[in-house]
Amino acid sequence: MIENRLFVHSVFVAIAPIIVAWFGLSVPAAILLVLLLLLWRWIVVLSGFVMPEKKPELVLATISASHFVEKVRWSMDRLELDYVEKVSGGTLGAYFGGRTVPQLKVRTGSVRSVIGNSAEILRYLWGRYAVEDPARAAFLEPTTDRVELEQRLDRHGVNLQIWVYRYLLQDRDLALHAWGANNPATPLWQRQALKLLFPLLAFLIRKSFRITEANFARAVTNIEALLAEMNERLEQDDNSLLAGNELNYTDLCFAAMTGLWLMPTGYGGGKADAVRIERDRVSDAMRGDIDRWIAAYPAAVSFVERLYSQQRKAPGA
Ligand SMILES: N[C@@H](CCC(=O)N[C@@H](CS)C(=O)NCC(=O)O)C(=O)O
């Protein structure tokens, strides 16, 4: 609960050497400065117990367009949780803060827990809400089949990142739009930073996702293999990807992943409207892939569209 206070303290720690050099402080004065900074940090830690910062109980750190965020956001909306979404500009948190999104922050009294990784967040939600509201949380039960399928769907999500970035990075305006540079929910300074830092961010994305033509081709092959398999499953039974199951979080996960390229109405439950990648705005090559997938996997496409129209309620709806 003391993140903001610690941040201010860290800024002072960073500028302390400049103060020492600027004022030509002696060694004893520099030692005194260090001791004062340590004392300040201790006071900040204690203040967390005495005067905890007022934070909402559940905060979901996001970038609006993310399919991994949508996987968690949809589950939280389905649980009808009261939470605050804290939107950041795409990639900034990863390359400057070392964290991925979604990230769930949970306040329990004066303790704040932080959970990263969509699968871990869903396990937390199940563990907590299966007790508080078993019927509503049943879709989150992590059976062996579901967890195995989820792991494959998460890898599919990474292949989709390679696919989408291969196209987006060739179109600066569209990439910035998807990262939230035109989204009023993104802090203004981050919107400016995205525009300024675009060449660096594009370079980092290319390196970290290894976006080469060979990797892109491999990603497309994997994406199509998974879509073909899910399409076949859904031709047999269009209730759930896992035959004999009620609709569960793996179905929502597949829909969230597919939503990245299909962009069904309702994607994001109202939270991703400002960052939509519309089909008429993308390059011919990207649209070619999307049209090919829509034609080749009709059972998967109609399943996702049906889930979005019938199951994706916006919070409070
Ligand atoms: N394994 C992670 C993957 C999450 C991930 O790759 N998130 C992307 C957005 S789709 C991200 O954090 N990008 C960095 C950023 O935009 O700050 C999960 O399941 O949550």
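Each reported figure results from applying straightforward, stated rules to the coordinates on display, with no laboratory input. The structure presented is a predicted model; accordingly, all values stated were derived computationally and were not measured. Cβ coordinates were reconstructed from backbone atoms using ideal geometry, including for glycine residues, and neighbour counts include every protein chain displayed.
Relative to the current alpha-carbon distance between residue 147 and residue 200, full extension at 0.36 nm per residue lengthens the span by 15.5 nm. Shape summary of segment 73-216, radius of gyration then Dmax from alpha carbon positions: 17.5, 50 Å. Only one residue of 108, 16, 49 has its Cα farthest out toward the positive end of the dipole of segment 1-114, where Lys and Arg carry +1 and Asp and Glu -1 on Cβ, and that residue is 16. Any idea which of 307, 234, 275 is furthest toward the positive side of the dipole for segment 139-311, if Lys and Arg beta-carbons carry +1 and Asp and Glu beta-carbons -1? The residue sitting farthest along the positive end of the dipole is 275. With each label modelled as a point 7 angstrom along the Cα→C-beta vector, the residue 310-residue 291 pair spans 3.0 nm. With contributions of -39500 (n - 2.57) from each DSSP H run of at least four residues, the per-residue ellipticity at 222 nm computed over the chain stands at -21000 deg cm²/dmol.
Remark: the chain carries a charge dipole of roughly 1380 debye about the Cα centre, counting +1 on each Lys and Arg Cβ and -1 on each Asp and Glu Cβ.
Can you tell me the length gained on complete extension of the stretch residue 207 to residue 120, counting 0.36 nm per residue apart and subtracting the Cα distance?
28.7 nm
Overall, segment 1-122 carries a charge dipole of about 200 debye about its Cα centre when +1 sits on the Cβ of Lys and Arg and -1 on the Cβ of Asp and Glu, all other atoms neutral. Could you check which residue among 175, 94, 138 shows the biggest mean-square fluctuation in a GNM of the chain with a 10 Å Cα cutoff? Looking only at 175, 94, 138, the largest GNM fluctuation is found for 94.
Taken over segment 3-50, the convex hull of the Cα atoms encloses 55 Å³ per residue. Residues within the reach of a label modelled at residue 283 (point 7 angstrom out along Cα to beta-carbon, backbone nitrogen below 12 Å), restricted to segment 197-230, are 213.
Taking GluC sites (Glu not before Pro) in DSSP loop states with no more than 13 other Cβ atoms inside 10 Å as exposed sites, the chain has its longest site-free stretch at 81-245. Over the chain, all Cα pairs binned in 20 Å intervals from 0 give whole-percent P(r) values of 29, 52, 17, 2, listed from short to long. Mean Kyte-Doolittle of at least 1.0 and a Cα length of 30 Å or more along the axis: which whole DSSP H helices of the chain meet both? Those that clear 30 Å and a mean of 1.0 are 27-50.
If R0 equals 25 Å, the separation of the Cβ atoms of residue 246 and residue 128 corresponds to a calculated FRET efficiency of about 0.75. With Cα atoms as the point set, the radius of gyration and Dmax of segment 1-149 evaluate to 20.5, 67 Å. For the pair residue 224 and residue 8, the difference between a 0.36 nm per residue extended length and the Cα-Cα distance amounts to 73.0 nm. Among 280, 291, 238, the largest mean-square fluctuation in a Gaussian network model of the chain, built with springs joining Cα atoms closer than 10 Å, belongs to 280.
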